[in-house]
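Below you'll find the structure, written out as structure tokens, and then a few comments.
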Amino acid sequence: MAELILQDLSRISKWRVFGGYEVRPGTSAGAGDDLVWSVSPGEWTVLSTRPEGDVVDLTHVRCMFRLTGDRAAELLNRICALDLSDGMFPTGAAGRTLVAGVVTELVRDDIEDVPSYLILPSSSFGRYLWGTIEDAGTGLDLLSGDQSG
């Protein structure tokens, strides 16, 4: 994949769950719309229909963007201090970090062996972060769809 693709997936249901999963902090399990990850002990973020148990709906408080392409890590490393190389942040890795100064959950969720990252900032920073990612993609053949905010 020569180009980079930025998609707005904010409407996918996102839940914070407080129990019932075995996914270790810093990792994820599953793929696509059925994905679970943890960035801190005792808390999981779940993309799916409403899970069982003690949950909080994050759908309207968290945006979610997907950046996919062979140069996705290169673009993100322009605005994020995490080392996103394959050895340090392989597919299945999850973390909470600053992206362009915004606290963001970041999950590596490759699609058919093509690097892909889910980026989940607070909704109040969605438009800013979307624009910053587009700006950081200058010169990298970034294709982006509408950011619905």
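The values are calculated or read from the model by the stated rules, or taken from the named source; none is laboratory data. As the structure is a computational prediction, the values presented were derived from the model and not from experiment. Cβ coordinates were reconstructed from backbone atoms using ideal geometry, including for glycine residues, and neighbour counts include every protein chain displayed. Surface accessibility is based on the protein's heavy atoms, side chains included, excluding ligands, DNA and RNA. Shrake-Rupley method; radii C 1.70, N 1.55, O 1.52, S 1.80 Å.
Side notes on the structure shown:
- Residues in region 112-126 that are touching a residue at least 60 places away in the same chain (Cβ under 8 Å) and over 16 Å from VAL36 (Cα atoms) were compared, and the one that is least open to solvent (accessible area, probe 1.4 Å) is GLY126.
- Residue check, ALA29 on the phi > 0 side of the Ramachandran plot, within 15 Å of the chain's Cα centre (by Cα) and open to solvent by 10 Å² or more (accessible area, probe 1.4 Å): no
- Matching residues, region 83-99, being surrounded by fewer than 18 Cβ atoms within 10 Å (Cβ to Cβ), under 14 Å from the mean Cα position of the chain (by Cα) and of a type in the set (A, V, I, L, M, F, W, C): LEU98
- In region 18-29, the residues that are farther than 14 Å from GLY95 by Cα reach residues that are hydrophobic (A, V, I, L, M, F, W, C) and open to solvent by less than 70 Å² (accessible area, probe 1.4 Å) with C-beta atoms within less than 7 angstrom, at least six apart or across chains, in these pairs: TYR21/VAL36; TYR21/TRP44.
- Filter result for THR138 (at pLDDT below 95, under 17 Å from ILE5 (Cα atoms) and either open to solvent by 70 Å² or more (accessible area, probe 1.4 Å) or in a strand (DSSP E or B) (or both)): yes
- In summary, strands (runs of 3 or more DSSP E) completely within region 29-118 and bearing 3 or more residues that are more than 16 Å from ILE5 (Cα to Cα) occur at 34-40, 43-47, 55-57, 94-99, 102-108.
Residue by residue, here is whether (1) over 24 Å from ASP70 (Cα atoms); (2) surrounded by 15 or more Cβ atoms within 10 Å (Cβ to Cβ); (3) out of contact with any Asp or Glu (no Cβ under 9 Å at 6 or more places or on another chain) holds:
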| site | (1), (2), (3) |
| --- | --- |
| ASP8 | no, yes, no |
| ARG11 | yes, no, yes |
| LYS14 | yes, yes, no |
| GLU22 | yes, no, yes |
| LEU35 | no, yes, no |
| VAL39 | yes, yes, no |
| GLY42 | yes, no, yes |
| ARG50 | yes, no, no |
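- None of THR91, THR27 is in contact with a Lys or Arg (Cβ under 6 Å, 6 or more places away or on another chain) and more than 19 Å from ILE133 (Cβ to Cβ) except THR91.
- Residue within region 84-98 that is small (Gly, Ala, Ser), in contact with a helix residue (DSSP H, G or I) (Cβ under 9 Å, 6 or more places away or on another chain) and either modelled with pLDDT of 95 or more or under 24 Å from ASP34 (Cβ atoms) (or both) present: no
- A residue that is of a type in the set (Ser, Thr, Tyr) and crowded, with 19+ Cβ neighbours inside 10 Å can be found somewhere in region 63-71.
- Lone qualifier among LEU118, LEU75 - being under 13 Å from the mean Cα position of the chain (by Cα) and either of a type outside the set (Gly, Ala, Ser) or closer than 20 Å to LEU140 by Cβ (or both): LEU118
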